Amino acid sequence: MDQTLTRPPIEAGKPGIAGPRQYGAVNWLGLWTLCLRETRRFWKVGMQTLFAPVVSSLLMLFVFKLAFDQGGSATSPGGVSFETFLAPGVVMMAILNNAFANTSSSLIIAKVQGNSVDFLMPPLSPLELTIGFLSGAVTRGILVGLVTYAAVWIMQITPFQIANLFAVLYFSVVASLFMGAVGLLGGIWADKFDHMAAVQNFVIMPLTMLSGTFYPIGRLPEPFVTISHFNPFFQMIDGFRYGFTGHAESDLWFGGLMSAAITLALCVGCWRMLKVGYKLKA
């Protein structure tokens, strides 16, 4: 006679028996948890992630001012002083670099240490993962930009007045999303830190040097002037600088739409790579 014991099926809803948790269309709890995780990652080491970039930006501002200001006589497009032209570019570079660092470091460290399961196992969709990682990048980028702006204003390095608040907010958020998506793509693709260094040296650095951060792009020879107008770094920096100086070197509508379109394409790419599990799932 078969003496095999079988366990009766568990019925959800009975007292003392927990059924499967229902999340609905969006796992808001999991998404909020991932956002907090990405924010606390850099907040715990705030001296390194928030204040160190500010010191680097201020030193860069002082060095370039002393090297190229020509005794206060140098002017830039729009008739503004060189330091007034330079300061928004330095702030934007801090935003770009830190947004990239947040997502890229999160992914590459998780892969190297074998902790990718921490965000792959929870019931989070690819879209929720993308939003969670990018939220941390935007938060860090905006915070670094605010602290850098406050430091420049407090130290009275240059008269840092806001001419167009919408342009400042729009291009700072788009820039954070743009570089956060680039960092996320790079972190998914890279297998080791050397791969991330290659992304920075061969992709980000050339785009940065042709972005007009430290000089008006009109001083470049052709064909680099034309090429720079299709550089998203230049368009974001130029739009951000317009928010402070009231003068832009290119068409703001073109720059705003191009930056948004490229950022959207990068975000879709992040979602797709997370969906297929590229280099993340066995």
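Restricting to the stretch 201-236, name every residue that is polar (S, T, N, Q) and surrounded by fewer than 11 Cβ atoms within 10 Å (Cβ to Cβ). Show your work before the answer.
Pass one, the stretch 201-236, residues polar (S, T, N, Q): 201, 208, 211, 213, 226, 228, 231, 235.
Within the stretch 201-236, Asn201, Thr226 qualify.
Can you confirm whether Asp251 is under 30 Å from Gly277 (Cβ atoms), surrounded by fewer than 17 Cβ atoms within 10 Å (Cβ to Cβ) and over 18 Å from the mean Cα position of the chain (by Cα)? If you could, list the steps in order and put the result at the bottom.
Values: under 30 Å from Gly277 (Cβ atoms): no; surrounded by fewer than 17 Cβ atoms within 10 Å (Cβ to Cβ): yes; over 18 Å from the mean Cα position of the chain (by Cα): yes.
Against the criterion (under 30 Å from Gly277 (Cβ atoms), surrounded by fewer than 17 Cβ atoms within 10 Å (Cβ to Cβ) and over 18 Å from the mean Cα position of the chain (by Cα)), Asp251 does not qualify.
Among the candidates Ser125, Ser116, single out the residue that is within 20 Å of Val276 (Cβ to Cβ), surrounded by 15 or more Cβ atoms within 10 Å (Cβ to Cβ) and out of contact with any helix residue (DSSP H, G or I) (no Cβ under 8 Å at 6 or more places or on another chain). Talk me through it step by step, then tell me what you get.
Details: Ser116 fails: out of contact with any helix residue (DSSP H, G or I) (no Cβ under 8 Å at 6 or more places or on another chain).
The match here is Ser125.
What about Ile162, is it β-branched (Val, Ile, Thr), in contact (Cβ under 8 Å) with a residue 40 or more places away in the chain and outside any helix (DSSP H, G or I)?
On the way: β-branched (Val, Ile, Thr): yes; in contact (Cβ under 8 Å) with a residue 40 or more places away in the chain: yes; outside any helix (DSSP H, G or I): yes.
Spelling it out, Ile162 is indeed β-branched (Val, Ile, Thr), in contact (Cβ under 8 Å) with a residue 40 or more places away in the chain and outside any helix (DSSP H, G or I).
Can you tell me which residue among Gly212, Gly256 is at pLDDT 90 or above and either within 18 Å of the chain's Cα centre (by Cα) or of a type outside the set (Phe, Trp, Tyr) (or both)? Spell out how you get there, then give the answer.
On the way: Gly212 fails: at pLDDT 90 or above.
None of the others qualify; the one that does is Gly256.
Among the numbered criteria (1) assigned to a helix (DSSP H, G or I); (2) among the basic types (Lys, Arg); (3) under 23 Å from Ser104 (Cβ atoms), which one does Lys281 miss?
(1)
Taking Thr213, is it in contact (Cβ under 8 Å) with a residue 40 or more places away in the chain, out of contact with any strand residue (DSSP E or B) (no Cβ under 7 Å at 6 or more places or on another chain), more than 19 Å from Val90 (Cα to Cα) and of a type in the set (Ser, Thr, Tyr)? Please lay out each step first, then the result.
Numbers: in contact (Cβ under 8 Å) with a residue 40 or more places away in the chain: yes; out of contact with any strand residue (DSSP E or B) (no Cβ under 7 Å at 6 or more places or on another chain): yes; more than 19 Å from Val90 (Cα to Cα): no; of a type in the set (Ser, Thr, Tyr): yes.
No; evaluated as a whole, the condition is false for this residue.
Test of understanding: among Thr139, Thr158, Thr130, which residue is surrounded by fewer than 23 Cβ atoms within 10 Å (Cβ to Cβ) and under 17 Å from the mean Cα position of the chain (by Cα)? Don't jump to the end; show me each part of the working.
Working: Thr158 fails: under 17 Å from the mean Cα position of the chain (by Cα); Thr130 fails: surrounded by fewer than 23 Cβ atoms within 10 Å (Cβ to Cβ).
Result: Thr139 is the single residue among Thr139, Thr158, Thr130 that is surrounded by fewer than 23 Cβ atoms within 10 Å (Cβ to Cβ) and under 17 Å from the mean Cα position of the chain (by Cα).
Which of the residues spanning the stretch 173-192 are surrounded by fewer than 24 Cβ atoms within 10 Å (Cβ to Cβ) and either part of a helix (DSSP H, G or I) or among the hydroxyl-bearing types (Ser, Thr, Tyr) (or both)?
Start the filter on the stretch 173-192 by keeping residues that are surrounded by fewer than 24 Cβ atoms within 10 Å (Cβ to Cβ), which leaves 173-174, 177, 185-186, 188-192.
If the condition is that a residue be surrounded by fewer than 24 Cβ atoms within 10 Å (Cβ to Cβ) and either part of a helix (DSSP H, G or I) or among the hydroxyl-bearing types (Ser, Thr, Tyr) (or both), then Val173, Val174, Leu177, Leu185, Gly186, Ile188, Trp189 are the ones that fit.
Before we move on, is Leu96 in contact (Cβ under 8 Å) with a residue 40 or more places away in the chain and not in a helix (DSSP H, G or I)? Before the answer, list the steps.
On the way: in contact (Cβ under 8 Å) with a residue 40 or more places away in the chain: yes; not in a helix (DSSP H, G or I): no.
So Leu96 fails the test.
In this structure, does Leu264 turn out to be within 16 Å of the chain's Cα centre (by Cα) and either surrounded by fewer than 16 Cβ atoms within 10 Å (Cβ to Cβ) or modelled with pLDDT under 85 (or both)?
On the way: within 16 Å of the chain's Cα centre (by Cα): yes; either surrounded by fewer than 16 Cβ atoms within 10 Å (Cβ to Cβ) or modelled with pLDDT under 85 (or both): yes.
Against the criterion (within 16 Å of the chain's Cα centre (by Cα) and either surrounded by fewer than 16 Cβ atoms within 10 Å (Cβ to Cβ) or modelled with pLDDT under 85 (or both)), Leu264 qualifies.
Only one of Arg272, Arg241 is assigned to a helix (DSSP H, G or I), among the basic types (Lys, Arg) and in contact with a Gly (Cβ under 8 Å, 6 or more places away or on another chain). Can you tell me which?
Values: Arg272 fails: in contact with a Gly (Cβ under 8 Å, 6 or more places away or on another chain).
Among Arg272, Arg241, only Arg241 is assigned to a helix (DSSP H, G or I), among the basic types (Lys, Arg) and in contact with a Gly (Cβ under 8 Å, 6 or more places away or on another chain).
If the Cβ limit is 9 Å and pairs must be 6+ apart or interchain, which residue in the stretch 188-209 that is touching a residue at least 40 places away in the same chain (Cβ under 8 Å) pairs with which residue that is of a type in the set (D, E, K, R)?
Every condition considered, the pairs that remain are Ile188/Lys111; Ile188/Lys279; Trp189/Lys279; Ala190/Lys111; Ala190/Lys279; Asp191/Lys111; Asp191/Lys279; Lys192/Lys111.
Determine which single condition Ala190 fails, assuming it passes every other condition in (1) more than 18 Å from the chain's Cα centre (by Cα); (2) under 22 Å from Gly114 (Cα atoms).
(1)
The values are calculated or read from the model by the stated rules, or taken from the named source; none is laboratory data. Predicted, not measured: the structure shown is a model, and the values here were computed from it. As a convention, Cβ positions derive from the backbone with ideal geometry for all residues, glycine included, and neighbour counts pool all protein chains shown.
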